[in-house]
Structures are given as structure tokens and as C-alpha cells.
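Participant: Provided herewith is a single structure, encoded as C-alpha cells, for subsequent inquiry.
The values are calculated or read from the model by the stated rules, or taken from the named source; none is laboratory data. Please read these numbers as outputs of a predicted model, since none were measured by experiment. Heads up: the accessible areas ignore ligands, DNA and RNA and are worked out on the full protein's heavy atoms, side chains in. Shrake-Rupley method; radii C 1.70, N 1.55, O 1.52, S 1.80 Å.
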Amino acid sequence: MALSLMRQDAVDVLTRQHAQIRRGFYRAALPGPGRRRAFERLMRLLAVHEAAEEAHVHPVARRVLASGPALAARRRQEEKEAKELLVGLWHTGPYGKGYLRRLNEVRRAVLAHAAREEREEFAALRRAVGSRRLRLLGAEVRMTQAYAPTRPHRWVNDEATNKLAAPLLGPFDRARDLARQAARRR
Ligand SMILES: [Fe+2]
Ligand SMILES: [Fe+2]
């Protein structure tokens with residue numbers, strides 16, 4: 001595995017993405033022509049972030065932490081609920097009716113979820129898992145994010161469906177993203 005991929009551990013990568021997600025919600029709420037780009041970047045970041053957590057990080061937490069099974073089940077349930085809201089937001093789009101209200105709803109759910117991950121799960125993973133293993137997990141997270149789906153899919157919520165969806169839906173979503181970008185440039 002490339003050494004550069006192992007430079008950061010999973011907790012560092014995901015915590016930094018939580019901060020990016022927080023800024024992403026702020027940018028996606030700003031009015032003006034840049035909103036679409038900010039919205040699409042946020043949707044993409046949320047999709048790949050949660051995909052990596054669901055496929056790799058919660059399963060490790062479930063196996064190694066004493067309270068792992070209950071904790072992972074709660075995180076998965078929160079992610080499932082947030083995904084329902086995200087699908088609605090995706091369909092509304094950045095200039096649709098009720099966009100800001102929906103964005104705010106998703107923001108509250110996602111940020112509360114992220115804060116619980118940091119407080120309950122990431123801190124415990126740091127204590128329970130060695131630094132080399134956490135760096136390996138960080139590499140898995142980053143590799144998964146390179147080909148994960150880039151938009152919310154309602155039925156993709158757990159380890160198995162995320163691992164299945166990445167090679168199937170990932171390329172499909174990315175092809176659609178490119179087509180949309182090309183259409184906008186024309
Ligand atoms: Fe999550
Ligand atoms: Fe997260």
C-alpha cells in the first residue's frame with residue numbers, strides 16, 4: 001500500500017472531513033450562482049464520507065469496542081435517517097422551493113451525528129486500536145472514498161451494501177457528474 005496513503009489515521013481523516021462538512025453547509029446556504037457548485041461538493045463529500053464510515057469504521061468499532069455493537073447500531077440508524085433527509089434535499093436541489101429549510105434540517109441531523117461520532121466512537125477507537133492499525137484504516141477510508149458513490153442512495157446504509165455499491169454505483173455516479181459538468185460548460 002502506498003506510504004502516502006498511510007500518513008494519516010482514520011480518526012484524523014474523518015475528523016477533518018467533519019470540519020469540511022460544517023463549512024460546506026455554510027457555503028451551500030449562501031445565495032448566488034456559486035450555490036450549485038457548493039451544494040454538489042457538499043453532497044459528494046457527505047456521500048463518500050458516510051460510505052467509508054459505514055463500510056470500514058463502524059464495523060471495526062463494532063468488533064473492538066465493548067459497547068461497539070450498540071454504538072455502531074445507533075450511528076447506522078442516524079446515518080439512515082440523515083440519508084432519507086439527504087435524498088429529499090438532493091431532489092429539491094439548490095434553487096428549489098424549501099431548499100434552505102431542508103438544508104438546515106440535514107445540517108442539524110448530520111452535525112449532531114458527527115459530534116456523537118467524535119465523542120463516543122472516535123475517542124474510544126483511538127484508545128482501543130493501535131496507531132498502525134488506525135493508519136491502515138485511514139488508507140482504507142481514503143481508497144474507498146476514491147470510488148464510492150457521490151450522491152445519496154436510500155438503500156445503501158451498511159457495511160455489505162456499501163461494499164457492494166462502491167464498484168457498481170460509484171462509476172455510474174461519477175459518469176453522471178461528468179456529464180452534468182460538461183452540459184453546464186456548453
Ligand atoms: Fe457518519
Ligand atoms: Fe462522520
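Participant: Just need the Rg to Rh number for the chain, please, alpha carbons only, Kirkwood Rh.
Facilitator: Radius of gyration relative to Kirkwood radius: 0.97.
Participant: Would you work out if segment 13-99 is rounded, prolate or oblate? Take a ≥ b ≥ c from the square roots of the eigenvalues of the alpha-carbon gyration tensor; rounded if a/c is under 1.5, else prolate when a/b is larger than b/c, oblate otherwise.
Facilitator: Here segment 13-99 falls in the prolate category.
Participant: Here's something else I'd like to know. When the accessible area of segment 3-185 is computed with all protein chains present and a 1.4 Å probe, what percentage of it is carbon and sulfur?
Facilitator: Within segment 3-185, the accessible surface is 56 percent carbon and sulfur.
Participant: Sticking with this structure for a sec: To the nearest 10 degrees, how steeply does helix 159-185 sit against the main Cα axis of the chain, on a 0 to 90 scale?
Facilitator: Result, in degrees: 30.
Participant: With every protein chain present, what is the per residue accessible area of segment 3-185 (1.4 Å probe, Å²)?
Facilitator: 52
Participant: How large is ³J(HN,Hα) for each residue in segment 23-28, as worked out from phi by the Karplus curve 6.51 cos²θ - 1.76 cosθ + 1.60 (θ = phi - 60°), to whole Hz, x for Gly and Pro?
Facilitator: With coefficients 6.51, -1.76 and 1.60, one gets 5, x, 5, 4, 5, 5 Hz.
Participant: Can you give the calculated 222 nm mean residue ellipticity of the chain, where each DSSP H run of n ≥ 4 adds -39,500 (n - 2.57) and the sum is split over every residue, rounded to the nearest 500 deg cm²/dmol?
Facilitator: Using -39500 (n - 2.57) per qualifying helix, the result is -25000 deg cm²/dmol.
Participant: Here is a further query. Rank these residues by their accessible area, most exposed first, probe 1.4 Å: H49, H91, H153.
Facilitator: The residues order as H91, H153, H49, largest area first.
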